[in-house]
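Below is one structure, written out as structure tokens, with a few remarks after it.
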Amino acid sequence: EMVYTGKRQLYSGLESQGLDYVPTEGNFILVRLGANASELTRRLMVEGVIVRPCDSFGLPEYIRVTIGTEEQNRIFLSVLQGLLS
């Protein structure tokens with residue numbers, strides 16, 4: 001239930017920021033951040049938000065975001081929005 005609810009929360013938040021993502025049936029989402037994905041990954045980590053780059057999967061413009069609790073998802077979306085502003 002947490003993953004289902006979190007997935008809807010993240011989809012909504014990503015869409016409101018105009019970001020593309022790969023819909024999922026798992027517990028993570030691939031989010032397209034473009035050419036700056038590696039730098040944004042590093043900056044998210046500095047802010048305490050752990051995501052995974054997808055370079056090793058041949059997707060250098062994407063990050064992998066694990067679906068978390070409502071609070072964790074809110075923090076991720078907020079920090080990401082701040083970095084993209």
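The values are calculated or read from the model by the stated rules, or taken from the named source; none is laboratory data. Predicted, not measured: the structure shown is a model, and the values here were computed from it. Here the Cβ positions follow ideal geometry from the backbone for every residue, glycine too, while neighbour counts run over all protein chains shown. The protein model used for the area step is the full one, side chains on, heavy atoms only, and it has no ligands, DNA or RNA in it. Shrake-Rupley method; radii C 1.70, N 1.55, O 1.52, S 1.80 Å.
Among the residues making up the range 45-85, those that are of a type in the set (Val, Ile, Thr), farther than 16 Å from Leu19 by Cβ and not in a helix (DSSP H, G or I) are Ile50, Thr66, Thr69. Reported count of residues in the range 43-82, each being touching a residue at least 40 places away in the same chain (Cβ under 8 Å), among the β-branched types (Val, Ile, Thr), surrounded by 14 or more Cβ atoms within 10 Å (Cβ to Cβ) and farther than 11 Å from Val31 by Cα, is 1.
One residue stands out in the range 1-44 among those that are among the hydrophobic types (A, V, I, L, M, F, W, C) and over 12 Å from the mean Cα position of the chain (by Cα): the one that is modelled with the lowest pLDDT, namely Met2. Quick test for you: out of Leu33, Leu14, pick the one residue that is among the aliphatic types (A, V, I, L, M), open to solvent by less than 90 Å² (accessible area, probe 1.4 Å), touching a residue at least 60 places away in the same chain (Cβ under 8 Å) and touching a helix residue (DSSP H, G or I) at 6+ places or on another chain (Cβ under 8 Å). The conditions single out Leu14. Within the range 17-30, if we keep just the residues that are closer than 16 Å to Leu77 by Cβ and of a type in the set (A, V, I, L, M, F, W, C), the residue that is most open to solvent (accessible area, probe 1.4 Å) turns out to be Phe28.
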